[in-house]
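To start, the structure itself, in structure tokens.
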Amino acid sequence: MFKVADYLIQGQNPCRSAGAAELRHLDTRGGGSATFSLLVLATALIKLARGRISGRLCGVHVNVAERLSLFRKSAVIILSRALGVPVVLHLHAQLHHSYRRFWWPVQGVVRWVFSLASGCVVLGANAQHFVINELGVPPDRVDIVLNGVPEPVEVRRTRRMGSVQRVLFLGNLSKLKGVSDLLEALAAPELDTSRLEVIFAGGGDIPVYRALAKDLQVDGVVRFRGWVDQHEAAQLMACADVLVLPSYVEGLPLVILEALANGVAVVCSPVGEIPSILTDGVNACFVRPGDVRGIAACLQRLLEQPALMESLEKNGRALYDEKFSLTRFFRSVAFIHRRYFGAAGEPLHPDPNVAATQET
């Protein structure tokens, strides 16, 4: 979610006209321990109060995920409304999985927090249905806004016929992201790994997965890069042929949109809002969560069918141009801000041919 806010801030025009708002990032977590996170949250709340007192704060856009993020951001929403500041709640997770496991008083608190928001932004129809029907948010206060990412800045690698294919996993290394499944797929006998180079980039329990790769005898095929910054991630994406994200739970991952922007073929699970955006065999290849043999078969198919690879790359890039450009995303968010805050930022690259639209 930090990246979502960062992309929006990157997409605003620093030379804004009179009356335009400025988007600013407000960190509520920090990068340290849980105790340190509480101090960061307290500092953020103080900044909100100061902004309200100074009269410079016209609204708060809160990006919400699950677990501790939900409760940290709830504090921001509650204080903002207590101060009389309008709030847009932007839900980035498939919250219904966690919500249905909550104790009923906690569910009541979650519904109350969502009721405080002036408007709610969701990633797709699944989340929209949940927010309206289970959390009780009025339909006229719920908008679907598709995420967007910037144009690639790194030069795309040119793939040569018969060359080694570079497969990229980019994200937190965890079971829910399907990392173990991907490693096991690389050990499947039907997959010709002699033509593959697989890079895992992201934080997580790397020693555990490095040991698993060794046990599966695929350690000669894979490389673990660890956590990478935004610049390094962009370089890895520009050099990749295939992005693999065999997750069990997702919303609408930015890493998939970044792959589409780079013309990188996508192999992913049809979970969350993904199947409502991507089409199997057209701009992505779907594999069921946990389907190890399916991942192996899909990668082998891409090795053997360069025409399919090229089709996924071309169609993916076309979908990015149609739906996921940063300008389109910024204008859609600005439309929401003007409705609830009375002001909005201006895009860095205004495009009269790009309309601010919300899905219904």
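Summary table below
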read-out: Inter-residue pairs, beta-carbon under 7 Å, first over 14 Å from Gly148 (Cα atoms) and assigned by TED's automatic domain parsing to the domain that holds Gln128 and in region 331-360, second surrounded by 16 or more Cβ atoms within 10 Å (Cβ to Cβ) and at pLDDT below 50, 6+ apart; value: Phe335/Ala356
read-out: Members of region 237-262 that are buried (at least 21 other Cβ atoms within 10 Å of the Cβ) and more than 25 Å from Gly290 (Cβ to Cβ); value: Met237, Ala261, Asn262
read-out: Leu176, sole failed condition from (1) out of contact with any helix residue (DSSP H, G or I) (no Cβ under 9 Å at 6 or more places or on another chain); (2) crowded, with 17+ Cβ neighbours inside 10 Å; (3) not aromatic (Phe, Trp, Tyr); value: (2)
read-out: Condition check for Glu134: of a type in the set (Asp, Glu) and either over 23 Å from the mean Cα position of the chain (by Cα) or crowded, with 20+ Cβ neighbours inside 10 Å (or both); value: yes
read-out: Test: residue in region 316-326 that is of a type in the set (Asp, Glu), under 24 Å from Asn126 (Cβ atoms) and touching a residue at least 24 places away in the same chain (Cβ under 8 Å); value: no
read-out: Residues that are β-branched (Val, Ile, Thr) and either in contact with a Leu (Cβ under 6 Å, 6 or more places away or on another chain) or over 16 Å from Val122 (Cα atoms) (or both), drawn from region 61-93; value: Val62, Val64, Val76, Ile77, Ile78, Val85
read-out: Residue match in region 213-230 (condition: within 21 Å of the chain's Cα centre (by Cα), among the small types (Gly, Ala, Ser) and surrounded by 16 or more Cβ atoms within 10 Å (Cβ to Cβ)); value: no
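Each row is one residue, and each column tells you yes or no for (1) surrounded by fewer than 21 Cβ atoms within 10 Å (Cβ to Cβ); (2) among the small types (Gly, Ala, Ser); (3) under 15 Å from Gly251 (Cβ atoms).
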{"site": "Val62", "(1), (2), (3)": "no, no, no"}
{"site": "Phe71", "(1), (2), (3)": "yes, no, no"}
{"site": "Leu79", "(1), (2), (3)": "yes, no, no"}
{"site": "Val87", "(1), (2), (3)": "no, no, no"}
{"site": "His90", "(1), (2), (3)": "no, no, yes"}
{"site": "Gln94", "(1), (2), (3)": "no, no, yes"}
{"site": "Trp104", "(1), (2), (3)": "yes, no, no"}
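The values are calculated or read from the model by the stated rules, or taken from the named source; none is laboratory data. What you see is a predicted model; the values in this text were computed from it and never measured. Every residue, glycine among them, receives a Cβ derived from its backbone with ideal geometry; neighbour counts consider all protein chains shown.
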